[in-house]
Every structure is written in structure tokens, then in C-alpha cells.
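Visitor: One structure is given below, represented as C-alpha cells, and several questions about it will come after.
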Amino acid sequence: KNEVEQSPQNLTAQEGEFITINCSYSVGISALHWLQQHPGGGIVSLFMLSSGKKKHGRLIATINIQEKHSSLHITASHPRDSAVYICAVRGTGNQFYFGTGTSLTVIP
Amino acid sequence: ETGVTQTPRHLVMGMTNKKSLKCEQHLGHNAMYWYKQSAKKPLELMFVYSLEERVENNSVPSRFSPECPNSSHLFLHLHTLQPEDSALYLCASSQDWGQSTDTQYFGPGTRLTVL
């Protein structure tokens, strides 16, 4: 069993919809990251969280340390948001654990 | 442009070939990473270098040999690979190693196919 589980694995949405991607983890962490990977491979770091909530444009990330759960929300989704979203955690011993990613397709 | 470049972007090699992947970062970072991304599997951290010293080696087969000649460059030397080594190899860098608040910046990756 992977230390980081994401859901859903695949997600198709209509343009404008509100999207939520979930991440659960089973280890103690010092930080959680949300990454975005576009076709072609390049990965961009969207957020780094250790508590609470962060917002950047249409993206919102939240984390509940007690429940070991994080969510990534996209408001007013757009086709350019189509990508794979990866949840990653940094363990308290400096280990990195990655989810398998959520593949998002936003249809115009 | 993330400040981390990788060459080549695509590589096809036979099982008996020797090749090298190159990563260069222009961000003044002290830590660099090699990751392997196989289809339908999570990213796997392979190696970490901090200030040119290897600090992590996650049970990677010896047919993968990293080299960090300076804090801006990282190589992955490949020798006698297997078809199951075909994957996307990603390089990343961060300001330091061991800081939980560090953000990693990724290169575009090298798509490797082993025939």
C-alpha cells in the first residue's frame, strides 16, 4: 500500500466546474506538496503546506494534519488546467512519498 | 522556464549501450535530485545530492550511477540497462536539503526507452 493515496485517479469536468482532488497519507509529515504535471513531463510545484489553507488564483489547497488529509480545489476550471496533479509528502525523516497522481481533463 | 534544464529530452538506447543524462540548474540551489517516473506508478526518488555530496541513495541498481561535479550540474550515467528501466527521468533542485519548507523545481525530464 502506498503511503500517499489520491482520489480520484481520473477526473473529467466541464469548463467552469468546481473541482476537488483528495490526498490521504499514512505517515508523519513535515510538509505536503501539490504538484502539477503537464503532458510532456514538466512538473511545477503549486503549493507547499504544513497547516491550514493556501490560495493562489483559482487554486486552493487545504490540509488537516489530524486527519492526515489534504484537498486541492480548482474554481472555475478551464481547459488549460488539464494536467496530472500529484500529491507529495515529506516525512519527518526527510523521506519523500508521492501519490500516483490524478489525471484531470477539462472539456470546453 | 523553471531554471532547471535536462538533456537529452528523449533517448533510445540498447541494453548494452552506455549513455548519460545531464541536468543543469541556474537557480543557485545547493540540493539536486534524480527521480524516476514510470507509467501508472508514483514518482520514485533515486538520488539526492547536497553541496555535491550524495545524501540519499534509495536502493537504486548499480547500473545507474550519479555524478555531481558541482552544485549546478548533475549527471546520471546509464550502463547495461533493462527494458523495465524505460521511464521519464526527472531532475529537480531546491535551495537546501533537509529544510521542510524547501520547494523543489523540476526539469522537463528525459524520456528514456531501453530496447
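Visitor: With A:G41, A:G99 as the choices, which residue is within 11 Å of chain B (Cβ to nearest Cβ) and touching a residue at least 12 places away in the same chain (Cβ under 8 Å)?
Guide: Result of the check over A:G41, A:G99: A:G99.
Visitor: Another one. Could you tell me which of the residues B:S59, B:S20 is in a strand (DSSP E or B) and farther than 20 Å from B:D102 by Cβ?
Guide: Going through B:S59, B:S20 in turn, just one is in a strand (DSSP E or B) and farther than 20 Å from B:D102 by Cβ: B:S20.
Visitor: Got a sec? Which strands (runs of 3 or more DSSP E) wholly within chain A have at least 3 residues that are among the aromatic types (F, W, Y) and surrounded by 14 or more Cβ atoms within 10 Å (Cβ to Cβ)?
Guide: Numbers: elements: A:4-7, A:10-14, A:19-25, A:29-37, A:43-49, A:52-56, A:59-64, A:69-74, A:83-91, A:96-98, A:102-107.
Passing ranges, in order: A:96-98.
Visitor: Which residues, counting only those in region B:69-115, are of a type in the set (A, V, I, L, M) and within 14 Å of chain A (Cβ to nearest Cβ)?
Guide: Correct list: B:A87, B:L88, B:L90, B:A92, B:L112.
Visitor: Can I ask one more? From the list B:E1, B:E24, pick out the single residue that is among the acidic types (D, E) and at pLDDT 95 or above. Full working, then the answer.
Guide: Numbers: B:E1 fails: at pLDDT 95 or above.
Just a single option satisfies the conditions, and that option is B:E24.
Visitor: Restricting the search to region B:16-52, which residues are in contact with a Ser or Thr (Cβ under 9 Å, 6 or more places away or on another chain), among the polar types (S, T, N, Q) and within 21 Å of A:Q36 (Cα to Cα)?
Guide: Hits for region B:16-52 are B:Q25, B:S38.
Visitor: For the list (1) surrounded by fewer than 18 Cβ atoms within 10 Å (Cβ to Cβ); (2) touching a residue at least 12 places away in the same chain (Cβ under 8 Å), I need the number of the one condition that B:T103 fails.
Guide: (2)
Visitor: Which of (1) touching a Pro at 6+ places or on another chain (Cβ under 6 Å); (2) surrounded by fewer than 13 Cβ atoms within 10 Å (Cβ to Cβ) does B:P69 not meet, given it meets every other one?
Guide: Exception for B:P69: condition (1).
Visitor: Of all residues in region B:28-45, how many are open to solvent by less than 40 Å² (accessible area, probe 1.4 Å) and either assigned to a loop (DSSP other than H, G, I, E, B) or without any contact (Cβ under 8 Å) to a residue 24 or more places away in the chain (or both)?
Guide: Filtering region B:28-45 for residues open to solvent by less than 40 Å² (accessible area, probe 1.4 Å) gives B:29, B:31-38, B:42-43, B:45.
With the extra rule that they be either assigned to a loop (DSSP other than H, G, I, E, B) or without any contact (Cβ under 8 Å) to a residue 24 or more places away in the chain (or both), the set shrinks to B:29, B:38, B:42-43, B:45.
Here the count works out to 5.
The values are calculated or read from the model by the stated rules, or taken from the named source; none is laboratory data. In this text, all values refer to a predicted model and were calculated from it rather than measured experimentally. So basically every Cβ, Gly included, is an ideal-geometry build from the backbone, and we count neighbours across all protein chains shown. Areas reflect the complete protein model, heavy atoms only, side chains present, ligands, DNA and RNA absent. Shrake-Rupley method; radii C 1.70, N 1.55, O 1.52, S 1.80 Å.
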